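What follows is one structure encoded as structure tokens, with my remarks underneath.
We did not get these values from a lab; they are worked out from the coordinates using the rules stated. Here the structure is a predicted model, which means the values were calculated and not measured. Reconstructed Cβ throughout: ideal geometry from the backbone, glycine too, with neighbour counts over all protein chains shown.
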Amino acid sequence: MAMLTLLAIPAAAEKIPLKDISTYLNGLTTAEAEFTQINSDGSISTGTLFIQRPGRARFEYNPPDKNLVLAGGGQVAIFDAKSNQPPEQYPLARTPLSIILAENVDLARAKMVVGHTIDGNTTRVRAQDPEHPEYGSIEMVFTAGPTELRQWIIRDDSGAETTVILGEMKKGGKLAASLFNISYATRQRK
């Protein structure tokens, strides 16, 4: 009877090891996914995310939102559709997004991971630049079997949070280099 009771209880999900998550991220060369973004002010945006590792990402927002965020050439550019100014730019290395886009993701690096927990069926990994924790952190949420990145929460240096929830990711394939070219996007948006 005790054996039948054990079989009726669903197996608890196991925490995905950091080594497996690093391997998954390093194997993610190109990807495309719909996303929902919950901004720090509570507003919600949707769009399409394109990733080409290492170092490149594009957040293309759905109309009526005409904003654009690009990571490429070691920079992150934020194009504000309401502004006539050039995009705001920051070094990619100064943003928590650099952890996902790094050429070689190694979450086992000393002091990089500041949280590694299991929450129901998801594994949560909170990471930061160990040399510059003041740049903020990224909390990534993964499901297992196979390992998949489902969302992340970026906490910036002021403590503001932005959550990005990913739809089904299409991996592989070729993405045009122009998708991640900040200069090209600046010319196109004039």
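Run the numbers for residue 148 and residue 23: contour at 0.36 nm per residue of separation, minus the present Cα-Cα distance, in nm. Mind dumping the intermediate values first?
Working: separation 125, 0.36 × 125 = 45.00 nm, distance 1.14 nm.
Going from the current span to full extension adds 43.9 nm.
For the chain, the longest principal axis of the Cα atoms and the long axis of helix 18-27 meet at an angle of about 40 degrees. Overall, the chain carries a charge dipole of about 540 debye about its Cα centre when +1 sits on the Cβ of Lys and Arg and -1 on the Cβ of Asp and Glu, all other atoms neutral.
So what's the back-of-envelope 222 nm ellipticity for the chain, counting only DSSP H runs of four-plus at -39500 (n - 2.57) apiece and dividing by all residues, rounded to 500?
Details: 4 runs with 28 residues, N = 190.
Computed mean residue ellipticity for the chain: -3500 deg cm²/dmol.
Think of each Lys and Arg Cβ as +1 and each Asp and Glu Cβ as -1; about the Cα centre, that makes the dipole of the range 109-190 roughly 540 debye. Projected over every direction and averaged, the convex hull enclosing the alpha-carbon atoms of the range 113-159 yields 3.4 nm².
With the convex hull drawn over the C-alpha atoms of the range 57-111, the volume per residue is 91 Å³.
Each Cα pair under 8 Å and six or more residues apart adds its sequence gap; the mean of these over the residue count of the chain is a relative contact order of 22 percent. With the convex hull constructed from alpha-carbon coordinates only, the range 75-190 shows a mean projected area of 9.1 nm² over all directions. Comparing 160, 175, 92 along the charge dipole axis of the chain, the residue lying farthest to the positive side is 175, per the Cβ-charge model. How much net charge surrounds residue 115 when only other residues with a Cβ under 13 Å from its Cβ are counted (Lys, Arg +1; Asp, Glu -1)? Residues near residue 115 contribute +3 overall. Model label points for residue 174 and residue 34, set 7 angstrom from Cα along the Cα-to-Cβ axis, are 2.7 nm apart.
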